[in-house]
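The values are calculated or read from the model by the stated rules, or taken from the named source; none is laboratory data. Being a predicted model, the structure only gives us computed values, none of them experimental. When we count neighbours, we look across all protein chains shown, and the Cβ atoms used for this are built from the backbone with ideal geometry, even at glycine. We work out accessible area using only protein heavy atoms, side chains counted, and drop any ligands, DNA or RNA first. Shrake-Rupley method; radii C 1.70, N 1.55, O 1.52, S 1.80 Å.
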Amino acid sequence: MSLDRREFLLAFAAASAMPATARPLPWRAGIATVDITPPLGLWMGGYAARTQPALGIAQPLHAKALALSDVAGRRAVVVTIDVLGLTDPAVQHISRAVREQHGLPRERLLLCSSHTHCGPIIRDQLAVAYNLTPAQWDDVRASTRRIEGQIVDVVGRALGAMQPARLRFAQGTAGFAANRRTAINPDGPVDHAVPVLTVERRDGSLAAVVFGYACHNTTLPASFVSYHGDYAGVAKAELERRHPGATALFIQGCGADANPSPRGTVELVERHGRELADAVDRVMGAGTHVVGPLRAAFTTVSLDYAPAPDADAWRRRLADSNPHVRSHAQMMLDVVARDGHTVTAEPAPLHVLRLGSLPIVALSGEVVIDYAMAVKRRYGGGTWVAAYTDSVFGYVPSARVLREGGYEGGDAMLYFGRPGPFADSAESRVMGGVDRLMAAAGIAPGS
């Protein structure tokens, strides 16, 4: 019998012998929130077609932290952040500060970006897409430093606020996500699952609800130039309105090839957000209780890039009619001049967070839906598969999407300053990493 299981059974037996009113709850949980809305005038991330910086605040942006510990005192923190994505330097800075200031190691910290396209640029992410002045980039860097510090602080406040709690898990559905690669594959897959984790206080009241969905936060168009959390932000605000005293946290799923449908207006973002909040509310309170132990595992897999063009090919692209292609080609030529070649592989962080019988698989990058479906086939439909965690370095296509090509298959990588698509081994590398982490967390296929 493993140590985790022995500890759990001893704690469970001791708790069962007590009167119900005196029994300790199986978890401790702490929640903290911080407003990360930047100053107006900052450029927003996500749309290369955007022509103006942020001119207003339609909805404030937040970072929210949920800290958990089991009966043995093992801790983990999930942070949800209303940004397009974090870069690897930002993740390294945050995780190092969290470890030094709060004693929490990297494998026990999940940094989850909502992928709203109406939030601030983080560091130099998607720099090819934006024609910013040096002063504007200075503003981006200052905003990023501020947000990184706020995330470290909100983790500490959540850890310091932990109280006895119960956890409950359920799954609902919402239907507005649609596969957006219809021109390439009219029958592309989509995942309408809405995983829901509720955190209840000792008195049974709702302290927090964590929910997910696999769909781009792109209901609002490039012409919208105010800060906003998109449909996920609307859903969070609606759930907090319906449940006073509770905090709502959103985790983006493997929605790299899914868009809201229909989309393009404020009215539609409100409609999709309410639909998602309804999906959460329908299953809230009806799920199964989650009992420890809490286990965490982390690794980084190396994803090889396909062979890159040579210097002459990059030079020919300097004459392309697309300014983004020209900017990317010059960036690659600068890299070749400095390093002798473009980057050949990408480090992709992977996490598994196990809350008793609930496994949460967290993948970095913009991950297509095939990965969530593959993980669920292997480990059960109740597995929560998140994407956009840690660094968002580009699209992570499956073998199928790589073969099909198109934007998610490799074309989009120029905006991330990468040389091109991944090699055919990408899917097997990611799934192999997931398998190793699940084994380390004590989770077998089919369990």
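If you go through the stretch 86-105, how many residues are surrounded by fewer than 14 Cβ atoms within 10 Å (Cβ to Cβ) and under 14 Å from Glu148 (Cα atoms)?
2
Looking only at the stretch 245-286, which residues are assigned to a loop (DSSP other than H, G, I, E, B) and either buried (at least 24 other Cβ atoms within 10 Å of the Cβ) or on the phi > 0 side of the Ramachandran plot (or both)? Walk me through it before giving the result.
Filtering the stretch 245-286 for residues assigned to a loop (DSSP other than H, G, I, E, B) gives 245-246, 253-257, 261-265, 284-286.
Correct list: Gly245, Gly253, Cys254, Gly255, Ala256, Asp257, Gly264, Gly285.
Tell me the residue from Val325, Val336, Val361, Val343 that is under 25 Å from Val91 (Cα atoms), aliphatic (A, V, I, L, M) and in contact with a helix residue (DSSP H, G or I) (Cβ under 7 Å, 6 or more places away or on another chain), please.
Values: Val325 fails: under 25 Å from Val91 (Cα atoms); Val336 fails: under 25 Å from Val91 (Cα atoms); Val343 fails: in contact with a helix residue (DSSP H, G or I) (Cβ under 7 Å, 6 or more places away or on another chain).
Result: Val361 is the single residue among Val325, Val336, Val361, Val343 that is under 25 Å from Val91 (Cα atoms), aliphatic (A, V, I, L, M) and in contact with a helix residue (DSSP H, G or I) (Cβ under 7 Å, 6 or more places away or on another chain).
More than 20 Å from Asn217 (Cα to Cα) and free of Cβ contacts under 8 Å to residues at least 12 places away in the same chain: does that describe Ala142? It would help to see each step written out before you state the result.
Values: more than 20 Å from Asn217 (Cα to Cα): yes; free of Cβ contacts under 8 Å to residues at least 12 places away in the same chain: yes.
Spelling it out, Ala142 is indeed more than 20 Å from Asn217 (Cα to Cα) and free of Cβ contacts under 8 Å to residues at least 12 places away in the same chain.
Picking from Ala49, Ala58, which residue would you name as being open to solvent by 20 Å² or more (accessible area, probe 1.4 Å), aliphatic (A, V, I, L, M) and at pLDDT 95 or above? Quick ask: steps written out before the conclusion?
Values: Ala49 fails: at pLDDT 95 or above.
Criteria check complete, one pass: Ala58.
Working carefully through the options Ala183, Ala232, Ala207, Ala222, find the one that is outside any helix (DSSP H, G or I), in contact with a strand residue (DSSP E or B) (Cβ under 7 Å, 6 or more places away or on another chain) and of a type in the set (Gly, Ala, Ser).
Values: Ala183 fails: in contact with a strand residue (DSSP E or B) (Cβ under 7 Å, 6 or more places away or on another chain); Ala232 fails: outside any helix (DSSP H, G or I); Ala222 fails: in contact with a strand residue (DSSP E or B) (Cβ under 7 Å, 6 or more places away or on another chain).
Exactly one residue qualifies, and that residue is Ala207.
Identify the residue in the stretch 281-331 that is among the β-branched types (Val, Ile, Thr) and in contact with a Gly (Cβ under 6 Å, 6 or more places away or on another chain) and, among all such residues, is farthest from Val209 (Cα to Cα). Quick ask: steps written out before the conclusion?
Applying the first criterion (among the β-branched types (Val, Ile, Thr)) to the stretch 281-331 yields 283, 288, 290-291, 299-301, 325.
Those still in the list that are in contact with a Gly (Cβ under 6 Å, 6 or more places away or on another chain) too: 283, 290-291, 299, 301.
Values: Val283: 11, Val290: 14, Val291: 17, Thr299: 27, Val301: 31 Å.
Residue satisfying both the conditions and the ranking: Val301.
Looking only at the stretch 52-76, count how many residues are outside any loop (DSSP other than H, G, I, E, B), in contact with a Phe, Trp or Tyr (Cβ under 9 Å, 6 or more places away or on another chain) and farther than 15 Å from Asp35 by Cβ. Break it down into steps so the answer makes sense when it comes.
Applying the first criterion (outside any loop (DSSP other than H, G, I, E, B)) to the stretch 52-76 yields 56-57, 62-69, 75-76.
Then drop every residue that is not in contact with a Phe, Trp or Tyr (Cβ under 9 Å, 6 or more places away or on another chain), which leaves 56-57, 64, 68-69.
Then keep just the ones that are farther than 15 Å from Asp35 by Cβ; that gives 56, 68-69.
Qualifying residue count for the region: 3.
Answer yes or no as to whether Gln163 is out of contact with any helix residue (DSSP H, G or I) (no Cβ under 9 Å at 6 or more places or on another chain), within 20 Å of Thr198 (Cβ to Cβ) and open to solvent by 40 Å² or more (accessible area, probe 1.4 Å).
In short, yes.
Criterion first (open to solvent by less than 30 Å² (accessible area, probe 1.4 Å), over 21 Å from the mean Cα position of the chain (by Cα) and either modelled with pLDDT under 95 or acidic (Asp, Glu) (or both)) does Gly204 satisfy it? So that I can check it myself, show each step before the final result.
Numbers: open to solvent by less than 30 Å² (accessible area, probe 1.4 Å): no; over 21 Å from the mean Cα position of the chain (by Cα): yes; either modelled with pLDDT under 95 or acidic (Asp, Glu) (or both): yes.
No; evaluated as a whole, the condition is false for this residue.
Does the stretch 378-406 hold any residues that are closer than 12 Å to Ala426 by Cβ and in contact with a Ser or Thr (Cβ under 6 Å, 6 or more places away or on another chain), and which are they?
Hits for the stretch 378-406: nothing passes.
Which condition number does Asp191 fail, the rest of (1) touching a helix residue (DSSP H, G or I) at 6+ places or on another chain (Cβ under 6 Å); (2) farther than 30 Å from Arg429 by Cα; (3) open to solvent by less than 30 Å² (accessible area, probe 1.4 Å); (4) among the charged types (D, E, K, R) being met?
(2)
Output the residue which, of all residues in the stretch 107-138 that are in a helix (DSSP H, G or I) and crowded, with 20+ Cβ neighbours inside 10 Å, is modelled with the highest pLDDT.
First pass over the stretch 107-138, keeping only residues in a helix (DSSP H, G or I): 107-108, 127-129, 134-138.
Retained after the next criterion (residues that are crowded, with 20+ Cβ neighbours inside 10 Å): 108, 128-129.
Numbers: Arg108: 98, Val128: 93, Ala129: 92.
Per the stated criteria, the residue is Arg108.
Can you give me the ranges of the helices (runs of 4 or more DSSP H) entirely in the stretch 293-404 with at least 2 residues that are among the acidic types (Asp, Glu) and open to solvent by 10 Å² or more (accessible area, probe 1.4 Å)? Steps first, please.
Working: elements: 311-316, 323-339, 369-379, 399-404.
Result: 323-339.
Arg403 versus (1) closer than 27 Å to Arg326 by Cα; (2) in contact (Cβ under 8 Å) with a residue 24 or more places away in the chain; (3) over 20 Å from the mean Cα position of the chain (by Cα): which is the lone unmet condition?
Only one criterion is unmet by Arg403, namely (2).
Hey, can you tell me all the residues within the stretch 38-51 that are of a type outside the set (A, V, I, L, M) and out of contact with any strand residue (DSSP E or B) (no Cβ under 9 Å at 6 or more places or on another chain)?
We begin by selecting, within the stretch 38-51, every residue of a type outside the set (A, V, I, L, M); these are 38-39, 41, 43, 45-47, 50-51.
The answer is Pro39, Gly41, Tyr47, Thr51.
How about the stretch 408-431: which of its residues are over 13 Å from Ala306 (Cβ atoms), without any contact (Cβ under 8 Å) to a residue 60 or more places away in the chain and surrounded by 21 or more Cβ atoms within 10 Å (Cβ to Cβ)?
Filtering the stretch 408-431 down to residues over 13 Å from Ala306 (Cβ atoms) leaves 408, 412, 414-417, 427-431.
Now drop any that are not without any contact (Cβ under 8 Å) to a residue 60 or more places away in the chain, which leaves 412, 427-428.
The one that is over 13 Å from Ala306 (Cβ atoms), without any contact (Cβ under 8 Å) to a residue 60 or more places away in the chain and surrounded by 21 or more Cβ atoms within 10 Å (Cβ to Cβ): Glu427.
Quick check, is Gln150 farther than 22 Å from Ala97 by Cβ, among the polar types (S, T, N, Q), out of contact with any helix residue (DSSP H, G or I) (no Cβ under 8 Å at 6 or more places or on another chain) and part of a helix (DSSP H, G or I)?
Working: farther than 22 Å from Ala97 by Cβ: no; among the polar types (S, T, N, Q): yes; out of contact with any helix residue (DSSP H, G or I) (no Cβ under 8 Å at 6 or more places or on another chain): yes; part of a helix (DSSP H, G or I): yes.
It is false that Gln150 is farther than 22 Å from Ala97 by Cβ, among the polar types (S, T, N, Q), out of contact with any helix residue (DSSP H, G or I) (no Cβ under 8 Å at 6 or more places or on another chain) and part of a helix (DSSP H, G or I).
Which condition number does Glu240 fail, the rest of (1) open to solvent by 30 Å² or more (accessible area, probe 1.4 Å); (2) in contact (Cβ under 8 Å) with a residue 12 or more places away in the chain; (3) within 25 Å of the chain's Cα centre (by Cα) being met?
Here Glu240 meets the rest and fails (2).
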